[in-house]
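Undergrad: Just passing along the structure, written as structure tokens.
What follows is calculated from the coordinates using simple rules that are stated; it is not laboratory data. These figures come from a predicted structure and were not determined experimentally. Note: ideal-geometry Cβ built from the backbone for every residue, glycine included; neighbour counts use all protein chains shown.
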Amino acid sequence: MIQPSTTPTIEEVAPAPPDGQSVSASKNEQEQGEQEEQEDQGYTPSGKTWRFWAVFPALCITTFLAALDTSILSTALPTIALDIHAAGAYMWITNAYILSSTVVLPLFGQMANIFGRRWIIISAVVIFGVGSGMAGGANNTAAIIAGRTVQGIGGGGINILVDTIICDLVPLRQRGKYVAMMASVWAVGTTVGPILGGAFAQYVSWRWVFYINLPLCAVALLLLLLFLRVKHPRRPAGTTVWQQILRIDLPGNIILTMAVVAILMSLTWAGTSYPWSSWRILVPLLLGLAGLGLFYLHQASPFCAEPSIPLRLFSSATALCALWISFLQNMLLYWVGYFLPVYFQAVRGLSPTQSGILCLPITAAIAPFGVITGILIAVTGKYRIFHFMGYTCLTAGVGLLSLLNVDSPASHWAGFQVLFGVGSGMVFSSTLPPIQAVLPESDVATATATWAFMRSLGCIWGNSRPYHHLQFARGTSSTPGG
């Protein structure tokens with residue numbers, strides 16, 4: 001069980017100032033030392049100048065696109081499956097994106113450390129745009145799944161690079177509020193996704209679910225190419241590009257990819273295509289868990305010179321707890337995001353578009369409370385209280401949402417969503433800063449990648465498990481005497 005009271009504050013993880021020196025002076029010297037260390041390593045850190053505010057919209061656009069494509073298919077998928085005759089493989093049109101965007105997170109984090117942020121995020125946006133074009137022009141199931149896989153690779157790179165670049169551009173004390181702004185953009189993207197998906201499928205064409213990304217990608221690319229200048233490590237003299245490529249932990253990333261794929265296949269098929277007792281479920285599940293164990297051993301072995309997820313990231317109780325509560329928060333967010341549309345459509349008999357609109361109270365709460373929490377962390381340097389308050393609201397919100405029925409008034413289904421959204425926004429904004437506070441600045445990219453990876457694992461679990469619980473409930477209610 002997580003004990004928030006034992007977690008140090010951001011000020012507590014910084015070294016105490018010498019006698020006679022103020023805390024403010026100590027912080028200024030620490031920030032100056034970090035900047036000098038970055039310059040010595042070949043970095044050219046930016047500040048919040050006009051260039052920052054020119055890049056910030058590009059980061060918001062790319063974050064919005066990556067979030068949009070996690071949910072936009074929820075209302076358009078039946079139309080797509082019918083048009084391209086997807087049959088039983090339709091679930092992989094959604095899962096391909098989630099899977100590929102998750103497994104590439106450690107890889108993109110490591111490449112950002114080796115090659116710098118600029119060209120890696122530009123490559124991610126290009127990959128995302130190419131995948132969008134492939135999916136929009138697909139005429140069969142295999143083609144659209146391939147497009148969604150490519151989209152996910154780009155989306156995963158966007159997820160990690162945006163947060164990493166934000167952390168490069170602003171000091172530690174101010175990162176919370178900017179990460180919260182990105183969380184707000186993400187929340188808006190995931191919420192309006194079902195509305196846009198249903199509208200495109202019903203009034204235009206389902207292909208515009210993917211084509212809409214292309215002009216936005218073009219705008220983001222233009223801004224990034226013109227204005228992004230941050231964290232570009234100079235290649236040491238005598239070092240070739242191939243030698244830099246060899247620094248990437250390819251064996252570790254391959255092991256992790258195979259393990260996550262096996263686990264997701266098991267969770268997707270269990271209780272739907274095959275019973276839980278089937279060898280088709282147990283074998284990939286056990287192989288996936290064994291793969292995670294092998295990945296851990298590989299990261300700890302002397303053969304892995306530069307691990308993609310260094311085990312030192314888990315040596316701090318603060319970082320470990322923050323990673324764990326990030327996983328739980330994202331799992332609950334996607335869990336609730338799955339069941340609420342089912343409630344509005346199956347219980348109250350509303351259309352998919354109406355259902356998407358009635359889910360907006362969550363976003364309306366996540367966005368402002370995420371930003372407010374980030375600002376308060378920047379001002380006070382404390383985050384334990386926000387963990388405690390956030391999970392109190394999350395727990396109460398989930399419990400109250402489970403009480404909804406066909407006769408529940410709007411004050412209930414809207415108010416309970418707001419309560420859940422308040423908690424979700426507070427937890428999201430208060431997890432990354434403490435992780436980075438206890439780790440050296442050189443671990444920003446890998447720490448952010450690990451944080452995003454844990455959140456994506458929560459997304460996978462939150463997307464896969466509710467379907468099986470719903471199927472179980474249907475089966476129970478249909479049995480005699482059930």
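Undergrad: Kirkwood Rh and Cα-based Rg: tell me the resulting Rg over Rh for the range 49-229, rounded to two decimals. Walk me through the numbers on the way to the answer.
TA: Working: Rg = 16.2 Å, Rh = 16.4 Å.
Taking Rh as the inverse mean 1/r over Cα pairs, Rg/Rh reads 0.99.
Undergrad: In whole Hz and in residue order, list the ³J(HN,Hα) couplings for the range 366-381 that follow from phi through the Karplus curve 6.51 cos²θ - 1.76 cosθ + 1.60, θ = phi - 60°; x for Gly and Pro.
TA: Karplus values, whole Hz, x for Gly and Pro: 4, 4, x, 6, x, 5, 4, 4, x, 5, 5, 5, 5, 7, 9, x.
Undergrad: Assign unit charges at the C-beta atoms only (+1 for Lys and Arg, -1 for Asp and Glu), then state the dipole size of the range 312-466 relative to its Cα centre in Debye, rounded to the nearest 20.
TA: Values: 6 positive and 3 negative charges, 24 e Å.
I would put it at about 120 debye.
Undergrad: Provide Rg over Rh for the range 84-142; use the alpha carbon set for both Rg and the Kirkwood Rh (inverse mean inverse pair distance). Before the final figure, lay out each step's value.
TA: On the way: Rg = 14.4 Å, Rh = 13.2 Å.
Ratio of gyration radius to Kirkwood radius: 1.09.
Undergrad: Can I ask one more? Among T191, M181, C167, which residue has its Cα furthest toward the positive end of the charge dipole of the range 157-235, with +1 on Lys/Arg Cβ and -1 on Asp/Glu Cβ?
TA: C167
Undergrad: Report the normalised scattering of the range 249-305 as log10 I(q)/I(0) at q = 0.20, 0.27 Å⁻¹, calculated by the Debye formula with identical scatterers on the alpha carbons.
TA: Per q value, in the given order, log10 I(q)/I(0) is -0.66, -0.94.
Undergrad: Here's another thing I want to ask about it. Would you mind working out the magnitude of the charge dipole of the range 93-210 relative to its Cα centre, with +1 at each Lys and Arg C-beta and -1 at each Asp and Glu C-beta, to the nearest 20 Debye? If you can, show how the numbers build up before the last one.
TA: Numbers: 7 positive and 2 negative charges, 37 e Å.
Charge dipole of the range 93-210: 180 debye, to the nearest 20.
Undergrad: Alpha carbon centre of the range 62-80 versus the range 153-198: separation in Å?
TA: The two parts, judged by their Cα centres, are 16 Å apart.
Undergrad: Place the peptides 158-167, 131-140, 117-126, 94-103 in order of packing, highest mean first, counting for every residue the other Cβ atoms within 10 Å and averaging per peptide. Write out the running numbers ahead of the final one.
TA: On the way: 158-167: 26.8, 131-140: 18.9, 117-126: 21.2, 94-103: 23.7.
Those peptides, ordered most packed to least, come out 158-167, 94-103, 117-126, 131-140.
Undergrad: What length, rounded to one decimal in nm, is gained on full extension from S278 through to W324, with 0.36 nm per residue of separation minus their alpha-carbon distance?
TA: Numbers: separation 46, 0.36 × 46 = 16.56 nm, distance 3.04 nm.
This chain segment gains 13.5 nm when fully extended.
Undergrad: If you don't mind, another one. Just order 384-391, 338-345 by mean Cβ neighbour count inside 10 Å, highest at the front, would you? Display every interim value, and only then the final one.
TA: Details: 384-391: 20.9, 338-345: 18.8.
Top to bottom by mean Cβ count within 10 Å: 384-391, 338-345.
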